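First up is the structure itself, then whatever we jot down about it.
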Amino acid sequence: MMYEATEGVETSSAANSLMETIVAKSPGELEFHQAAREVLDSVMPVVESEKRYQNAKILERLVEPERVLMFRVSWVDDLGEVQINRGFRVEMNSAIGPYKGGLRFHPTVNLGVLKFLALEQVLKNALTTLPLGGGKGGSDFDPKGKTDLEVMRFCQSFMSELFRHIGPDTDIPAGDIGVGGREIGYLFGQYKKLANRFCGVLTGKGLTYGGSLIRSEATGYGSVYFAEDMLATRNETFEGKVAVVSGSGNVAQYTTEKLLQLGAKVVTLSDSAGTIFDKNGIDEEKLAWVMGLKNVRRGRIREYAEHFEGTEYFPDQKPWSVKCDLAFPSATQNELDEDGAKTLVKNGCFCVSEGANMPSTPEAVEVFLNAQILYGPGKAANAGGVAVSGLEMTQNSGCMRRSRDDVDQQLRRIMGSIHENCVRYGKNGGVTNYVQGANIAGFVKVADAMLQQGVV
Ligand code: NDP
């Protein structure tokens, strides 16, 4: 089967040929093909100019997970019925550190989705400047509509298999979609019981048992810090700008919080059922209400429009048709397509910072690059979460606790250095291609470590 390259993207025959191998070896893993295609298109010129990367088959090894675990997760629901889900852990690359990456609990989870997320994670983690390899895991379990006890029983069953494969120096999972503080708590409790060991084996833990201040905030804050640095390249700030945010989970909430603190007006949030548009702006009080809705009552974003006057609700729609200066896709992969991207650009949006992983389709990315707007891809813009997870690990291993200000300053510094690296590898003339910059900067670091470690 021939692999079709994305229209408008320059491709080399080596990239096409490797892509055909990937598709043949991983049929049907569409999200993984999409993520791999983007990486190959960015880094192939570097590989073609470096014989040592070619001889050691670095790229061919990079797209092949070091290990994939797949296991049955059986549990009993509140009605006494046996339920069966599938659990995964993709240990993608450990060249620069132990595997690190989140767990996702969502009905759409499958091997292809986790391999895409794991590949993104390898390059993202390299960008953070911390010694972290890349992995990702999760299950097709849907926490939505489940009771706390059902979630606990599922997490315990999931960890009953996973615990033997992870450890603070081997593989350190964290949260992602559907895995927040509640799930991390249950997972940690079961790990501790089975391993008889209290250690930093998971990040995103509660503050009472080894969690780091600012970890919950880190991905959203980081995405805004990255946008701040992109804006500064055009002598712009957030002051008075209108922003649209998608999603209403962890990343969307703290993206909104930081945007408010820095002077922007946020007018949308969404979930998988629709979008709310609040022309008056979501202020701190309204955001606190959203946090209660989503994190405690676990309700739907539609209720915001019923609660706050002057708000519109668009069922089954994304926020991209709302006029704005800045966009923060913070829900899920491929939520922003070509039409959405064209509408954003037509309406004057000039900066997109991705809190989510791969939220823009390849066609949408093309629209942003052709329009030469500031476009920060997820693997750079949302690296703040894993960066603070790295800081949580150092606090756990050193039995110490950093202050809120200290962690926030470190996060700010790390996002600044990621931005700098993207510019270093992605600047062409007066314009920075952050996709190219992020992929090449991450790749070079991992590739050099792989070269030095021989063929393993
Ligand atoms: P949450 O589970 O807290 O929130 C996810 C949000 O996205 C919810 O509003 C959810 O709506 C929406 N959503 C999920 N799936 C879909 C879908 N298929 N279609 C439409 N909307 C959907 O997850 P996070 O905020 O943690 O994660 C959001 C994104 O950020 C993901 O792409 C994740 O990989 C990425 N990310 C997260 C990090 C973190 O630290 N948490 C780190 C780096 C990246 P609903 O409730 O209706 O499902």
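Results, tabulated for the structure shown:
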item: Solvent-accessible area of Leu262 with every protein chain in place, 1.4 Å probe, in Å² to the nearest 10; result: 50 Å²
item: Fraction of the pair-distance distribution of segment 112-174 above 18 Å, Cα-Cα pairs, percent; result: 50 percent
item: Ser417-Lys346 pseudo-label distance in nm [points 7 Å out on the Cα-to-Cβ vector]; result: 4.3 nm
item: Nearest-0.05 FRET efficiency for Ser12 and Arg297, computed from C-beta distance (R0 51 Å); result: 0.50
item: At R0 = 51 Å, FRET efficiency that the Cβ-Cβ distance of Thr233 and Val82 yields, to 0.05; result: 0.35
item: Segment 265-285 versus segment 292-337: alpha-carbon centroid distance in Å; result: 5 Å
item: Probe 1.4 Å - accessible area at Lys258, Å² to nearest ten; result: 20 Å²
item: Accessible-area ranking of Val245, Val345, largest first, probe 1.4 Å; result: Val345, Val245
item: Restraint check, Lys146/Lys379; Lys100/Lys144; Lys136/Lys205; Lys205/Lys318; Lys205/Lys379, Cα-Cα greater than 27 Å; result: Lys146/Lys379; Lys205/Lys318
item: Length-normalised contact order of segment 142-202 in % [C-alpha pairs under 8 Å, at least 6 apart]; result: 42 percent
item: Estimated 222 nm signal from helices in the chain, with DSSP H stretches of n ≥ 4 weighted -39500 (n - 2.57), rounded to 500; result: -14500 deg cm²/dmol
item: Straight-distance crosslink candidates among aspartates and glutamates, where the alpha carbon sits under 13 Å from Lys124 and sequence neighbours closer than 8 are dropped; result: Glu354
item: Relative contact order (%) - criterion: Cα under 8 Å, at least six apart; region: segment 170-298; result: 17 percent
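The values are calculated or read from the model by the stated rules, or taken from the named source; none is laboratory data. Model, not experiment: these values are computed from the prediction. All Cβ positions, glycine included, derive from the backbone under ideal geometry; neighbour counts span all protein chains shown. Accessible surface is based on the protein model in full, side chains and every heavy atom, while ligands, DNA and RNA are left aside. Shrake-Rupley method; radii C 1.70, N 1.55, O 1.52, S 1.80 Å.
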